[in-house]
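Asks: Have a look at this one before I ask anything.
The values are calculated or read from the model by the stated rules, or taken from the named source; none is laboratory data. The structure presented is a predicted model; accordingly, all values stated were derived computationally and were not measured. Glycine also receives a Cβ, built like all others from the backbone with ideal geometry; neighbour counts cover every protein chain displayed. What goes into the accessible areas is simple: the full protein's heavy atoms, side chains included, and nothing from ligands, DNA or RNA. Shrake-Rupley method; radii C 1.70, N 1.55, O 1.52, S 1.80 Å.
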Protein chains: 2
Amino acid sequence: MTATVTAFSLAEYQERLTKTRAAMTKAGIEVLIVTDPSNMSWLTGYDGWSFYVHQAVVILPEGEPVWWGRPMDGVGARMTSYLSEDSIRSYPDHYVQNFTLHPYQLMAELLREFGQSSARIGVEMDNYYFSAKCLETLRQELPNARFADATALVNWQRAVKSEQELIFMRRAARIVERMHQRVRDVAEIGLPKNHLVAEIFDAGLRGTDEFGGDYAAIVPLTPSGPDSAAAHMTWDDRPLRRGEGTFFEIAGCYRRYHCPLSRTLYIGEPPAEMMHAQEAVLEGLAAGLDVARPGNTCGEVADAFFAVLRKRGVEKNGRTGYAVGISYPPDWGERTMSLRPGDKSVLMPNMTLHFMPGLWTDDWGYEVSETIRIADSGPAECLADVSRELVIKP
Amino acid sequence: MTATVTAFSLAEYQERLTKTRAAMTKAGIEVLIVTDPSNMSWLTGYDGWSFYVHQAVVILPEGEPVWWGRPMDGVGARMTSYLSEDSIRSYPDHYVQNFTLHPYQLMAELLREFGQSSARIGVEMDNYYFSAKCLETLRQELPNARFADATALVNWQRAVKSEQELIFMRRAARIVERMHQRVRDVAEIGLPKNHLVAEIFDAGLRGTDEFGGDYAAIVPLTPSGPDSAAAHMTWDDRPLRRGEGTFFEIAGCYRRYHCPLSRTLYIGEPPAEMMHAQEAVLEGLAAGLDVARPGNTCGEVADAFFAVLRKRGVEKNGRTGYAVGISYPPDWGERTMSLRPGDKSVLMPNMTLHFMPGLWTDDWGYEVSETIRIADSGPAECLADVSRELVIKP
């Protein structure tokens, strides 16, 4: 986030562009409109909380990517991306959230200017930041263009991490270790949940003596007691109580790279079923880590995990993990591979995933997870080092 | 966010539904698919960080709204919404981020089940959480349906706040006052920006002795020095330096209701142009507040503000504010009215807006803003009470 200094070397950005163009060619796409802010940042370095208005990075058949957005954010693009002045374009500010004008009318104009009005154009059709209206507008404005669904085309290129990306993710791991340590240090009966969450943010943002923390793409999910039976509750201001478990689904973040890690804490005597579930989940997690090797598939990791659970009589379905790395709200996942039965994605060295076994019964939830790197050989490496056992407080 | 207790009375939710149905009728819409999480929450009480997967609230011609999403989030819907069991529906978990299946195939099935396969269906076409793929899938699955753009249809119903909503926004105002006080207390040369941001979060989350804070829909925007010339930079871990200004665009949040408030701080001797700009902006802000009365338009407020700036020789364009209230990431605005020249939206008592004069030159940025309530008569009321003057630290 340091102004004028991009997060990665120019060579690395060029390599990313080359990989992306190869994938475009393979998909028969001539021009790619990239709207996922994680992809925009990965391709150009651009960083800023501007994704609440329409913006994009356009990949043409040749030349630099073109950043496109609001004029005031073009200033940020000059500061955070490697792009030259000519590659930073903007639309007038009165197009922002205006019901009679749409920025994609001007995106179409830009594509016409680049001679691409009849191109085969890839768009991220199932991305948060490419609305139905964007596509409708492009279709109307560029009747001769053909549109292809390029959802996750760039995301897939992000799957294998570079050395520099792994440095960032390991820093995020150091940060999330401190966040969980803080929870262990301060959680006690009577502490209002919002105060505990303030402590988690404090640890995550201060980071270490060497580097500071960034905001994670998801806020801490920290439900207690019966609320923890729901997966995505945030927090309230009620105090922690005896006889309740709380899970902490949180991530360390360094320069937009995430290391998510979940742990569960119980105040009082945990119910026998929770301890039984933990035993099964920890054994299943170990089994999954052992299978998470190059050449195996995501589905095989999930199978190994669920097989242990079934053997132990614990019912669980759904997915148990997903790829992670650079991200912006609302999701820290890469939305490509999932650790779930049937996913045939083949694991390769330096892929990174959040292996996320969670159990939600009618009465409580229990989570323990690891962010893993696929090693060159052998079982996956866990990036963070935090005891997996349920934290029990008196 | 307290489980099983909704944020508002059942009567208030019913009134909201009635208003929404009236707007649907006026727009010729029989069925409305609501995907904006702020609208989903406003209509049903539903709260959770689950908007990174497809989910919706469906308003049929009669009966309760129907919540629809992932099974694990249906648990959260039971806890946070007023809806009965029959009105909480879900799609199988393996539809999540699956490239061969799409949840909207099952949304279509749901609409068929409700006998609405030929209805005139309103969708939020320009919303973050209604992707191009959602519309494509619906069109394919429901060839006899007609689709209408219902972007902001519900958002407009939210413009005038109820007494209970104003209580929440005043609580958010108490919180943002504390956030700015904390900045004034701790900012000093050498303090790394990420530590300052940790303090801002701490004040925002701990709130007051009576109530705790929620996460704001935008993280603190806190750029310093030349970075503050860009509007939407977040933070890094460099220390505060003498001879640099920093603006703080932050919001207090209580149960998803926001009170944004921006202020600027300078360490050292502020440049004369910044002091000159401040004088103009403060006079313009006062002029705008005076015009922000029932019966006047948003455009007239902006005109009053820009007229003062022009008189003072300060160049500024773009919008200078927008409606605020309940919100989820990535934007705390309501995306309806804008305080900008030409906006003909008529102000009414208990509308709430973020009046946000910001100035970004090539070298620095300066922001001072107020969250206002349109009074029954007379000038707008500022919800928070924080000195507007540039904070100057030695």
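Asks: Considering each residue of the range B:195-216, count those that are hydrophobic (A, V, I, L, M, F, W, C) and touching a residue at least 60 places away in the same chain (Cβ under 8 Å), and give that number.
Replies: Total satisfying the criteria: 1.
Asks: Could you tell me which residue of the range A:111-135 is farthest from the other protein chains (Cβ to nearest Cβ), considering only residues that are without any contact (Cβ under 8 Å) to a residue 40 or more places away in the chain and basic (Lys, Arg)?
Replies: Among residues in the range A:111-135 that are without any contact (Cβ under 8 Å) to a residue 40 or more places away in the chain and basic (Lys, Arg), the one farthest from the other protein chains (Cβ to nearest Cβ) is A:ARG112.
Asks: Filter the range B:299-355 down to the residues that are open to solvent by 20 Å² or more (accessible area, probe 1.4 Å) and within 15 Å of the chain's Cα centre (by Cα) and list them by number.
Replies: B:TYR322, B:ARG335
Asks: Just for the range B:356-394: of the residues that are assigned to a strand (DSSP E or B) and open to solvent by 30 Å² or more (accessible area, probe 1.4 Å), which one is modelled with the lowest pLDDT?
Replies: Once the filter is applied, the top-ranked residue is B:TRP360.
Asks: Could you tell me which of the residues A:PRO223, A:PRO239 is open to solvent by 10 Å² or more (accessible area, probe 1.4 Å), in contact (Cβ under 8 Å) with a residue 12 or more places away in the chain and either within 7 Å of chain B (Cβ to nearest Cβ) or of a type outside the set (A, V, I, L, M) (or both)?
Replies: None of the others qualify; the one that does is A:PRO239.
Asks: Quickly run through the range A:3-35 and pick out the residues that are within 22 Å of A:GLU165 (Cβ to Cβ), among the β-branched types (Val, Ile, Thr) and in contact with a Leu (Cβ under 7 Å, 6 or more places away or on another chain).
Replies: Selection gives A:THR20, A:VAL34.
Asks: Just one of the numbered conditions (1) crowded, with 24+ Cβ neighbours inside 10 Å; (2) modelled with pLDDT of 95 or more is not true of B:MET233; which one?
Replies: (2)
Asks: Of everything in the range A:365-384, what is over 20 Å from the mean Cα position of the chain (by Cα) and not small (Gly, Ala, Ser)? Give them in sequence order.
Replies: A:TYR366, A:ASP376, A:PRO379
Asks: Which one is farthest from the chain's Cα centre (by Cα) among residues in the range A:183-194 that are in contact (Cβ under 8 Å) with a residue 40 or more places away in the chain and not in a loop (DSSP other than H, G, I, E, B)?
Replies: Filtering the range A:183-194 for residues that are in contact (Cβ under 8 Å) with a residue 40 or more places away in the chain and not in a loop (DSSP other than H, G, I, E, B), the one farthest from the chain's Cα centre (by Cα) comes out as A:PRO192.
Asks: Now a separate question. Which residue pairs have Cβ atoms closer than 7 Å, lie 6 or more positions apart in sequence or on different chains, and pair a first residue in the range B:89-100 that is part of a loop (DSSP other than H, G, I, E, B) with a second residue that is open to solvent by 70 Å² or more (accessible area, probe 1.4 Å) and modelled with pLDDT under 95?
Replies: Final answer for the pair search is none.
Asks: Quick one: in the range A:1-54, of everything that is of a type in the set (Val, Ile, Thr) and closer than 27 Å to B:GLY225 by Cβ, which residue is farthest from the other protein chains (Cβ to nearest Cβ)?
Replies: Taking the candidates together, the pick is A:THR44.
Asks: Pull out all pairs, ordered by first then second residue, where Cβ-Cβ is under 6 Å, the residues are six or more apart or on different chains, the first lies in the range A:282-297 and is among the β-branched types (Val, Ile, Thr), and the second is in a loop (DSSP other than H, G, I, E, B).
Replies: A:THR297/A:LYS344
Asks: Quick one: in the range A:150-171, which of the residues that are in contact with a Leu (Cβ under 8 Å, 6 or more places away or on another chain) and either among the small types (Gly, Ala, Ser) or within 14 Å of chain B (Cβ to nearest Cβ) (or both) is most open to solvent (accessible area, probe 1.4 Å)?
Replies: The extreme case among them is A:LEU153.
Asks: Can you confirm whether the range A:197-207 contains a residue that is in a loop (DSSP other than H, G, I, E, B), of a type outside the set (Phe, Trp, Tyr) and buried (at least 22 other Cβ atoms within 10 Å of the Cβ)?
Replies: yes
Asks: Which residues, taken from the range A:242-263, are in contact (Cβ under 8 Å) with a residue 60 or more places away in the chain and basic (Lys, Arg)?
Replies: A:ARG255, A:ARG256, A:ARG263
Asks: Suppose we filter A:ALA323, A:ALA304, A:ALA292 for residues that are hydrophobic (A, V, I, L, M, F, W, C) and within 11 Å of another protein chain (Cβ to nearest Cβ); which single one remains?
Replies: From the options A:ALA323, A:ALA304, A:ALA292, the qualifying one is A:ALA323.
Asks: Answer with yes or no whether A:VAL53 is outside the structural domain of A:ILE167 (by TED's automatic domain parsing) and either in a strand (DSSP E or B) or more than 24 Å from A:LEU142 (Cα to Cα) (or both).
Replies: So A:VAL53 fails the test.
Asks: Give just the number: which of (1) over 26 Å from B:PRO37 (Cβ atoms); (2) among the polar types (S, T, N, Q); (3) modelled with pLDDT under 95 does A:THR264 not satisfy?
Replies: (3)
Asks: Checking the condition more than 13 Å from every other protein chain (Cβ to nearest Cβ) and basic (Lys, Arg), which residue from A:ARG139, A:ARG174, A:ARG182, A:ARG178 passes?
Replies: Going through A:ARG139, A:ARG174, A:ARG182, A:ARG178 in turn, the sole match is A:ARG174.
Asks: Hey, does the range A:276-285 have a residue that's more than 19 Å from B:MET72 (Cβ to Cβ) and not in a helix (DSSP H, G or I)?
Replies: The answer is no; no qualifying residue exists.
Asks: If you check B:LEU106, B:LEU83, B:LEU111, which single one turns out to be modelled with pLDDT of 95 or more, in contact with a Phe, Trp or Tyr (Cβ under 9 Å, 6 or more places away or on another chain) and farther than 26 Å from B:GLU334 by Cα?
Replies: Going through B:LEU106, B:LEU83, B:LEU111 in turn, the sole match is B:LEU106.
Asks: Can you report the number of residues in the range B:259-298 which are open to solvent by 50 Å² or more (accessible area, probe 1.4 Å) and either in contact with a Pro (Cβ under 6 Å, 6 or more places away or on another chain) or not assigned by TED's automatic domain parsing to the domain that holds B:VAL386 (or both)?
Replies: 1
Asks: Kindly list, by first and then second residue, each pair from a residue in the range A:11-23 that is modelled with pLDDT of 95 or more to a residue that is small (Gly, Ala, Ser), limited to pairs with Cβ atoms under 7 Å and residues at least 6 apart or on different chains.
Replies: Pairs that qualify, where the first residue is modelled with pLDDT of 95 or more and the partner is small (Gly, Ala, Ser), are A:GLU12/A:SER162; A:TYR13/A:GLY45.
Asks: Of (1) small (Gly, Ala, Ser); (2) closer than 27 Å to B:MET348 by Cβ; (3) under 22 Å from the mean Cα position of the chain (by Cα), B:ALA286 satisfies all except one. Which?
Replies: All conditions pass for B:ALA286, except number (3).
Asks: Only one of these is on the phi < 0 side of the Ramachandran plot and either crowded, with 21+ Cβ neighbours inside 10 Å or at pLDDT below 95 (or both): B:PHE130, B:PHE147. Name it.
Replies: So the residue among B:PHE130, B:PHE147 that is on the phi < 0 side of the Ramachandran plot and either crowded, with 21+ Cβ neighbours inside 10 Å or at pLDDT below 95 (or both) is B:PHE130.
Asks: Among the residues of the range A:55-90, how many are away from every other protein chain (no Cβ under 13 Å) and among the aromatic types (Phe, Trp, Tyr)?
Replies: 2
Asks: Of the residues in the range B:196-207, how many are more than 7 Å from chain A (Cβ to nearest Cβ) and over 20 Å from B:TRP332 (Cβ atoms)?
Replies: 2
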